[in-house]
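First the structure, in the form of structure tokens, and then the observations on it.
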Amino acid sequence: MKRFVPVLALTLMTTPAMAEEEGLSLMEEGARLFMRGLMDEMEPALKDLEGMARDMGPMLDDFMAEMGPALRDLMDQVEDWSLYHPPEILPNGDIILRRKTPEEVEQEAIEL
């Protein structure tokens with residue numbers, strides 16, 4: 001963000017001269033320079049994100065290979081996810097899905 005302000009200031013100062021040379025309207029040139037500055041600011045973050053995705057790819061593949069069949073079976077068994085509370089992790093590491101009571105389901109229907 002610190003570099004963004006000077007880029008915006010430079011954009012505002014140079015826009016009229018550049019726009020006249022290229023035949024663009026002031027708004028078009030300002031928008032183009034603004035987007036260029038924004039992309040320059042975002043480039044390092046996008047490169048970091050790309051690296052993280054590359055590192056996580058094999059881990060996600062392993063997770064899906066191991067957990068995919070179990071998740072598919074779970075999806076087949078549960079017909080309506082709105083009838084359950086969010087998953088809870090117990091102190092021993094077990095994950096449970098509590099079914100909502102009929103009163104809870106009715107109350108949610110009233111609130112909608």
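Each reported figure results from applying straightforward, stated rules to the coordinates on display, with no laboratory input. Just so it is clear, the model here is predicted, and its values are computed rather than measured. Note that each Cβ is placed from the backbone with ideal geometry, even for glycine, and that neighbours are counted across all protein chains shown.
Some observations on this one:
- Residue satisfying condition, being of a type outside the set (Lys, Arg) and either surrounded by 10 or more Cβ atoms within 10 Å (Cβ to Cβ) or within 28 Å of the chain's Cα centre (by Cα) (or both), within set Pro86, Pro91, Pro102: Pro86
- Residue match in the range 39-53 (condition: in contact with a helix residue (DSSP H, G or I) (Cβ under 7 Å, 6 or more places away or on another chain), part of a loop (DSSP other than H, G, I, E, B) and over 30 Å from Ile95 (Cα atoms)): no
- The range 81-97 residues that are closer than 17 Å to Leu71 by Cβ, paired with ones that are acidic (Asp, Glu) (beta carbon under 6 Å, 6 or more apart): Ile96/Glu88
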